[in-house]
1. Rounded to the nearest 500, what is the chain's calculated 222 nm mean residue ellipticity when only DSSP H runs of at least 4 contribute -39500 (n - 2.57) each, over all residues?
2. Please tell me the relative contact order of the chain in percent, rounded to the nearest whole number, where contacts are Cα pairs under 8 Å and at least six residues apart.
3. Taking the Cα centre of the chain as origin, work out the dipole magnitude from +1 charges on Lys and Arg Cβ and -1 charges on Asp and Glu Cβ, in debye rounded to 20.
4. Taking only Cα atoms, what is the 0 to 90° angle, nearest 10, from helix 80-97's long axis to the longest principal axis of the chain?
5. Positive end of the dipole of the chain, charges at C-beta (+1 Lys, Arg; -1 Asp, Glu), about the Cα centre: which of Gly216, Phe67, Ala113 has its Cα farthest in that direction?
6. So, in nm, how far is label Ser3 from label Asp142 when the simple model puts each one 7 Å beyond its Cα toward the Cβ?
7. Between Lys77 and Ser57, what's the calculated FRET efficiency when r is the beta-carbon distance and R0 is 25 Å? Round to 0.05.
8. Antiparallel DSSP bridges in the chain: what percent, to the nearest 5?
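Please treat every number below as a calculation from the coordinates, not as lab data. Quick caveat: nothing in here was measured; it's all calculated off a predicted structure. Cβ atoms come from the backbone with ideal geometry, glycine included; neighbour counts cover every protein chain shown.
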Amino acid sequence: MRSVRIVLFDYDDTLVDVGKARDFARRVVAGRISSLMGVDESVVLNVIRDVEGRMESLGLFDRRVWFERATAELGIKLGIDLINELVRVYWDSWSSRSRLFPETLSVLRQLRACGYRLGIVTNTDGEPGLKRGRIRRDGVHDFFDIIIVAGDDTEHVKPHPEPFIKALQMLGVEGREAVYVGDRVSTDVPGAKAAGMYTVIADRSGSLDIDELSGGSRPDFIINSLSDLPRILGCNR
């Protein structure tokens, strides 16, 4: 990857650890619906998880739509004020538990010191401005030359190539001059590769086998931690 001058990142589960935050937010909303409507909390939680998976696969991230669908499947009709309250509670709960991965800041500083320009290409949270607000709150906004929130700044969300192509155009570079670092093969690899970028997947669980992936879903590298990224790029400072 000697031609690479740009390092672009996904956000959630790549730079910031949101696993516990996501689970906590789901549980808080499930508890609220359970207490309001007298439905078993575990049943509500399972429906929320199922709806979440289906919505994300369709590229729909508006939690209002999620919770309207989930409550409808539970046979419950909630007014818009209650739906909005669930969305507020969800994101407040999420924000209280999300944290940057321990190595994030040191890796960003190291890449900057090596002369790389940095950017973020991430999907919307379904609330215009919310993802950018979270990035600012987490204290990393100023590391990046560009931040593209797909679905807010573009018509299409990842894995569509549009947000990746937009990033290249804004930076004035070709695909071979950029590498994209994400955590989900299905979301983060196809669009970046279609735009001509190199791809890296951060597989912290160690569950991926690059030899089992093929075609547009096969990343160029799999790493176990962001700390491995500078070595791949030959950045030894």
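1. Helix contribution divided over all residues of the chain: -13500 deg cm²/dmol.
2. Relative contact order for the chain comes out at 24 percent.
3. 620
4. Between helix and principal axis, roughly 50 degrees.
5. Selected residue: Ala113.
6. Simple spin-label model gives 3.5 nm for this pair.
7. Using R0 = 25 Å, I get an efficiency of 0.50.
8. 10
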